[in-house]
Amino acid sequence: MTSYATSTARSDLSELRRLKSLLPPELKSWVTVEASTAVNPVLITSEEIGKDQVEVQIDLAKWDQLALDQRNLLFWHEVARIQQDTIPRDGWEMAALAIGLGGAVGELWVQDGLLLMLALALCGVSSWRLYIRNNGQKTLKEAIDADEKAIALATRFGYTLPNAYKSLGSALKVLIEQTPKKKLRKRYEQRLDALKKSAAKAKERVKGGRTDMAEGY
């Protein structure tokens with residue numbers, strides 16, 4: 001008799017294989033999909049794990065609570081982030097900032113003006129890079145752009161345009177309802193608002209087509 005744990009493991013592996021099949025052909029050789037092993041992980045994220053190698057990590061426990069179409073569009077959103085080269089990288093900025101601060105303190109002690117200036121310059125460059133990386137408006141725009149690309153990917157894989165919008169919109173609604181953190185919840189709400197506007201524009205472009213594109217928003 002198959003145990004519950006064995007059955008769950010098989011189901012998880014089946015879902016990971018299914019998601020891998022949703023990768024565009026040009027990504028399959030260097031993008032992998034794995035279950036997240038982090039403590040209290042986010043639903044889905046991506047990170048570089050080596051040169052020219054990216055891993056999509058999924059919290060399968062939360063993932064299984066979503067409908068199939070919702071999963072697909074959220075997955076394609078992540079794929080779009082990879083295609084647009086907007087996923088986080090192992091940054092040098094924090095290390096450089098720490099080195100710069102340490103160097104500045106040291107040079108104040110020994111009073112070497114040139115090295116002090118170099119240390120302060122390193123602090124300035126690394127701080128600016130950290131600011132750019134964490135800029136809220138920039139990351140929001142990248143997320144909205146990835147949503148648009150996810151819609152295009154969905155149509156590439158056989159979705160109609162109305163169904164692609166509906167599936168992503170309903171997924172964002174679920175995330176809004178399930179997210180306790182106010183800042184992150186607001187980000188999802190902003191993405192949903194942008195998606196509604198995009199759906200309305202797409203509907204306008206296909207006058208005479210289906211009238212249910214933005215239904216339920």
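The values are calculated or read from the model by the stated rules, or taken from the named source; none is laboratory data. Note that the coordinates shown come from a computational prediction; the quantities given were computed from them, not determined experimentally. Using ideal geometry, Cβ is built from the backbone for each residue, glycine included, and neighbour counts are taken over all protein chains shown. The protein model used for the area step is the full one, side chains on, heavy atoms only, and it has no ligands, DNA or RNA in it. Shrake-Rupley method; radii C 1.70, N 1.55, O 1.52, S 1.80 Å.
Things worth noting here:
- Positions within region 178-217 being modelled with pLDDT of 90 or more, surrounded by 13 or more Cβ atoms within 10 Å (Cβ to Cβ) and not in a helix (DSSP H, G or I), in sequence order: Thr179
- Identity of the residue in region 31-45, open to solvent by less than 80 Å² (accessible area, probe 1.4 Å) and in a loop (DSSP other than H, G, I, E, B), that ends up modelled with the highest pLDDT: Leu43
- Filtered by the rule that a residue be in a loop (DSSP other than H, G, I, E, B), open to solvent by 60 Å² or more (accessible area, probe 1.4 Å) and modelled with pLDDT under 80, region 1-30 gives Met1, Thr2.
- Beta carbons closer than 7 Å, at least 6 apart along the sequence or on distinct chains, pair a first residue in region 11-26 that is under 17 Å from Lys62 (Cβ atoms) with a second that is open to solvent by 60 Å² or more (accessible area, probe 1.4 Å) for Leu16/Glu34.
- Exactly one residue out of Ala200, Ala143, Ala171 is small (Gly, Ala, Ser), farther than 21 Å from Gln65 by Cα and touching a helix residue (DSSP H, G or I) at 6+ places or on another chain (Cβ under 9 Å), and it is Ala143.
- Scanning region 69-94 for residues that are modelled with pLDDT of 95 or more, among the acidic types (Asp, Glu) and open to solvent by less than 40 Å² (accessible area, probe 1.4 Å) yields a single hit, Glu78.
- Scan region 46-68 for residues that are open to solvent by 40 Å² or more (accessible area, probe 1.4 Å) and either of a type in the set (Val, Ile, Thr) or assigned to a loop (DSSP other than H, G, I, E, B) (or both) and the total you get is 6.
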